[in-house]
Amino acid sequence: MSPTHEAGWAHADGALRGPGWLEPPDDANALMPSLWSANTHKVDGDLVVGGVSLPELVANVNTPAYVLDEADLRARARAFRDAFTGYDVYYAGKAFLCTSVARWITEEGLSLDVCSDGELTVALRAGVDPARIGYHGNTKTEVELRRAVAEGVGRIVVDSFEEIARLERVAASLDRTQPVMVRVTAGVEAHTHEYIATAHEDQKFGFSITSGDALEAVRRVVAAPGLEMLGLHSHIGSQIFDTSGFEVAARRVLALHAKVGVELGVRMPELDLGGGFGIAYTTQDDPSEPAELAAAMSEIVEHECRALGIEQPHVSIEPGRAIVGPAVCTVYTVGTVKRVELDGGAVRTYVSVDGGMSDNIRTALYDADYSCTLASRHSDAPPALARVVGKHCEAGDIVVKDEFLPADVRPGDLLAVPSTGAYCRSMASNYNHALRPPVVAVRDGVATTIVRRETVDDLLATDLGASEL
Ligand code: LLP
């Protein structure tokens, strides 16, 4: 997180430049293909996704709206499935989940990871086979566990000693044997934002390998008659580009896997190495293809198993962001353009749009970088640095910190922000009583609303005061 005030770092010598990685483009209308879903291009300045022109789509559904390129999403799911042959690929539903997406990813051969009763409900409603669902969470309630066991969820990833005891009681009361994985922390500092790095020791998830808690957790699961020990689970964080983090984690987790065999005489058939594969939000990011990730991870696992002299477990992974993130863009309408003179005389252009931190909290929460493009016309104006901000009552309500847009960007223009499929709609809020935007799937020239826009009635449905009047 930048310790400096947002206005502080950009006007050091009076000239407003933006960050070093952001080059002024020759043509501010041009799309950078690596940042957009596969079926995205421009026609006379109008952004077209999945054969649907965004100005036409907006005429029907209004803005802001999340536009999901269905063929792109399916292709990314297939790419993981095909690259990771011999693995199970669980799509991490927390990135974005709705009934249609749950159905599409299972049609493409993926399994599903959920972490709440709400996500489980969506999955079951979509007809996902419970045996192909994994259930996560660092503090699952007895009610949640009971439902998951009763529905026949294929694996529950336990995260605390209390939960092991709780799950044992639940399984016994339902007379079931529940397959279980044990979430471990591998002690890896993944190079990502602190709040989304999860395998170093000082955080709430998992059992520490180094302290011995992880081995003790396995011992307790093995001793519980209603629990079946499937294997260890490690997730080191999110938006990770460097495979060395996975390598170190896999080495430590497999060492524990082998130790369980020796010390407890238990052969665990499975191993999950989690998700976290990074995607491109801006030109700074250079993500690996699934095939490269698969080759690197398989090599690590094979090498370690050989070195430890153990049979290779059946491995699974849990990508969320890398499947849904690049498949979606958010389209907004520009409401105002304000030029603000900063200390030193430089001028920052604030382009305000009709959404913001309620539909994308990631910029405010993680200091995330995004990019954007003018989506509703071609402009001959030169590129000019702009900051795209939302409509909420906070100075930190920034959507895109820095982008070169045509200098004549004006009210009524549409702007589209790519790579908003993951952790945007799923973390959206009703701050300032904003209505959460719809998700519109586009494919072969057809637009289908798969999650509708909220209405004021939706918002007020939980506000019981009106019924007293
Ligand atoms: N498996 C587990 C156990 C997880 O906790 C997560 C993400 C994933 C898989 C999927 O990770 P992915 O492949 O999507 O990176 N809200 C943050 C990200 C939080 C990630 C939480 N866990 C963000 O917007 O960057």
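How high is the relative contact order of the range 71-324? Use alpha-carbon pairs under 8 Å, at least six apart in sequence, and give a whole percent. This gives 20 percent for the range 71-324.
Mark the label point 7 Å from the Cα of Leu308 along Cα→Cβ and return the residues of the range 260-289 whose backbone N is within less than 18 Å of it. From the range 260-289, the list is 260-275. For the range 426-437, the Karplus equation 6.51 cos²θ - 1.76 cosθ + 1.60, evaluated at θ = phi - 60°, returns couplings of 5, 10, 5, 10, 9, 3, 6, 6, 5, 8, 5, x Hz by residue, with Gly and Pro reported as x. Using the Cβ-Cβ distance between Val266 and Ala38 with R0 set to 41 Å, the FRET efficiency works out to roughly 0.40. Among beta bridges from DSSP that stay inside the chain, the antiparallel ones total about 50%.
Counting only DSSP H runs of at least 4 residues, each contributing -39500 (n - 2.57), and dividing by the residue count of the chain, the helix-based mean residue ellipticity at 222 nm comes to -8000 deg cm²/dmol. Database remark: amide H of Ala384 closer than 5 angstrom to the amide H of Leu405, Ala407 (H placed geometrically; neighbours at sequence offset of 5 or more, or on other chains; Pro and chain starts carry no H). Under a model in which nothing but the beta-carbon of Lys, Arg (+1) and Asp, Glu (-1) is charged, the range 318-413 shows a dipole of about 160 debye around its Cα centre. Share of antiparallel DSSP beta bridges in the range 71-324, in percent to the nearest 5? Among the beta bridges of the range 71-324, antiparallel pairing accounts for roughly 5 percent. For the range 71-324, the alpha-carbon coordinates run over 51, 44, 32 Å along the three principal axes, in decreasing order.
Placing unit charges on each Cβ (+1 for Lys and Arg, -1 for Asp and Glu) gives the chain a dipole about its Cα centre, and among Val158, Thr455, Val353 the Cα reaching farthest toward its positive end belongs to Val158. Spatially close Lys pairs in the chain, defined by Cα atoms under 18 Å apart and a spacing of eight or more places or different chains, total 6. Take 431-439, 401-409 and order them by the average number of nearby Cβ atoms within 10 Å per residue, most first; the result is 401-409, 431-439.
Listed values for the range 37-47 are Karplus-derived 3J(HN,Hα) couplings in whole Hz (6.51 cos²θ - 1.76 cosθ + 1.60, θ = phi - 60°), namely 5, 4, 9, 10, 7, 10, 10, 6, x, 7, 7, and x replaces Gly and Pro.
Give the residue from Gly127, Val89, Gly276 lying farthest towards the positive end of the charge dipole for the range 71-324; charges sit on Cβ (+1 for Lys and Arg, -1 for Asp and Glu) and the dipole is referred to the Cα centre. Of the options given, the answer is Gly127.
Modelled this way, with points 7 Å down the Cα-to-C-beta line, the labels at Thr85 and Asp380 are 5.5 nm from one another.
In the chain, a dipole from Cβ-located charges (positive for Lys and Arg, negative for Asp and Glu) runs towards its positive end, and of Ser376, Pro438, Val331 it is Pro438 whose Cα lies farthest in that direction. The shape of the range 37-119 comes out oblate: with a ≥ b ≥ c from the C-alpha gyration tensor, a/c is at least 1.5 while a/b does not beat b/c. For a test of the definition: using alpha carbon positions, the gyration tensor, and the 1.5 limit on a/c, classify the range 382-469 as rounded, prolate or oblate. Oblate. When you restrict to C-alpha pairs under 8 Å that are six or more residues apart and normalise by the size of the chain, the relative contact order lands at 21 percent.
Screening the chain for whole DSSP H helices with an alpha carbon extent of at least 24 angstrom along the helix axis and a mean Kyte-Doolittle hydropathy of at least -0.5 yields 290-308.
The distance separating the Cα centre of the range 120-178 from that of the range 412-469 comes to 30 Å.
For the chain, the extents of the C-alpha atoms along the principal axes are 71, 57, 42 Å, listed from largest to smallest. Rounded, prolate or oblate: which fits the range 313-469, taking a ≥ b ≥ c as square roots of the Cα gyration tensor eigenvalues, rounded meaning a/c under 1.5, else prolate when a/b beats b/c? Oblate.
Across the range 380-395, rounded Karplus estimates of 3J(HN,Hα) from the backbone phi angles (6.51 cos²θ - 1.76 cosθ + 1.60, θ = phi - 60°) give 8, 5, x, x, 9, 5, 9, 10, 9, 10, x, 10, 8, 7, 8, 5 Hz, Gly and Pro being marked x.
With the simple spin-label model, which puts each label point 7 Å out from Cα in the Cβ direction, the Ala165 to Thr210 separation comes to 2.7 nm. Amide hydrogen proximity for Asp88: with H placed 1.01 Å from N in the peptide plane, the residues at 5 or more positions away or on another chain lying under 5 Å are Val315, Ser316, Ile317.
Rule-based calculations on the coordinates, nothing more; no lab input. All values derive from a computational prediction rather than experimental measurement. Heads up, the Cβs are rebuilt from the backbone with ideal geometry, glycines too, and the neighbour counts pull from every protein chain shown.
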